[in-house]
Amino acid sequence: MAKTSKFKSSLFFIVFLYGCMSPMNSNAQESTSFFSGFGFEIGGGYNQLFWSATNADGSTTSFNRTAFSFMPSARIHYQFSIFKKTTLYTFTGYNEFGGHSKLEQSTVILIEDVRYQDQLKFRNLEAGLIGLYNISDLRFGIGAKGNYRIGLEHRYYYENHPQRLDGWRSDDVSYYFNNLSVDVGIRLEYPIFRNILLASEGWFGITDLSKEEHNMFVRENHFRLMVGYRF
């Protein structure tokens, strides 16, 4: 319960900042348009999931999923200046992260020719903020965001299963995981044509995705390439 409360507080803080700081620009400087500073972005990228479990004898087993996988993102954002070369970028949207494993010999069914792989996909609503520093048209900076899980998909695949259960199947593993998580990240953006921008981001999970009672530690990283339009 304490860990869940901490997650809720972190997400509430980020969302609160997003809601409170967005209107500040209207009082700080004149705007040529009501929509000035608003924008939207779409994109996606590579994901990593690091999973370790504590066994009954105290040893640890890892089930990392770092094979290449592409998952999408979409968001709206608002950016405004706070100092001469510094801007604040706030955003909210939809994001997926998780991980894929490689097709390898099964560690559960100990028969030589049985091969296994799986995929986990977390579907999230996200909100966060990033402080950006301007060098000419280039902007880069660091920030944080909170994720609220709205869905989870787990798919697994067998080859040469002894009970002929080959192919892709799915099951429900949502009871293992918390709904809330927090990331810290970096962003780099550059306008490529008029109001169109290209951005890259790296996000690094700092909270355990798994529930404490399951004796696991699960953390994610995800890296995004985004294309957007800013008014």
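Roll a 1.4 Å probe over the protein heavy atoms and report the accessible area of residue 187 in Å², nearest 10. So the heavy atoms of residue 187 present about 10 Å² to solvent. Pairs of Lys residues in the chain are counted when their Cα atoms are under 24 angstrom apart and they lie 8 or more places apart or on different chains; the count is 14. Per residue of the chain, the DSSP helices (runs of n ≥ 4 H) give a summed -39500 (n - 2.57) that works out to -3500 deg cm²/dmol at 222 nm. The charge dipole of the chain, taken about its Cα centre with unit charges on the Cβ of Lys, Arg, Asp and Glu (plus for the first two, minus for the last two), comes to roughly 800 debye. The distance linking the stretch 86-108 with the stretch 162-179 is 18 Å (Cα centroid to Cα centroid, whole angstrom). Rounded to the nearest Hz, the phi-derived 3J(HN,Hα) couplings of the stretch 79-87 under the Karplus curve 6.51 cos²θ - 1.76 cosθ + 1.60 (θ = phi - 60°) are 10, 8, 7, 10, 9, 4, 10, 10, 10, where x marks glycine and proline. Only protein heavy atoms count here; on that basis, with a 1.4 Å probe, residue 57 has an accessible area of about 120 Å². Applied to the stretch 152-167, the Karplus parametrisation 6.51 cos²θ - 1.76 cosθ + 1.60 on θ = phi - 60° returns per-residue 3J(HN,Hα) values of 8, 10, 10, 10, 9, 9, 10, 10, 6, 5, x, 9, 6, 9, 6, x Hz, with x for Gly and Pro.
Put simply, the amide H of residue 211, placed in the peptide plane, has neighbours under 5 Å in 177, 178, leaving out anything fewer than 5 places away on its chain. With the charge dipole of the chain set up from +1 on Lys and Arg Cβ and -1 on Asp and Glu Cβ about the Cα centre, the Cα lying farthest toward the positive end among the listed residues 142, 114, 59 is that of 142. For residue 114, the residues 5 or more places off, or on other chains, whose built amide H falls under 5 Å of its own are 106. Taking amide H atoms as placed 1.01 Å from N in the peptide plane, the amide H of residue 40 lies under 5 Å from those of 77, 229, each 5 or more residues away in sequence or on another chain. The 3J(HN,Hα) values that the Karplus relation (6.51, -1.76, 1.60; θ = phi - 60°) gives for the stretch 90-99 are, in residue order, 10, 7, 8, x, 10, 8, 10, 9, x, x Hz. Gly and Pro appear as x.
The 1.4 Å probe gives accessible areas that order 114, 108, 227, largest first, as 108, 227, 114.
Summing Cβ point charges (Lys, Arg +1; Asp, Glu -1) relative to the Cα centre of the stretch 172-231 gives a dipole of roughly 460 debye. When the chain is described by a simple charge dipole with +1 on each Lys and Arg Cβ and -1 on each Asp and Glu Cβ, the residue from 127, 160, 206 located farthest towards its positive end is 127.
The values are calculated or read from the model by the stated rules, or taken from the named source; none is laboratory data. A quick note: this is a predicted structure, and the numbers were derived from the prediction, not measured. Backbone-built Cβ (ideal geometry, glycine too); neighbour counts: all protein chains shown. Accessible surface is based on the protein model in full, side chains and every heavy atom, while ligands, DNA and RNA are left aside. Shrake-Rupley method; radii C 1.70, N 1.55, O 1.52, S 1.80 Å.
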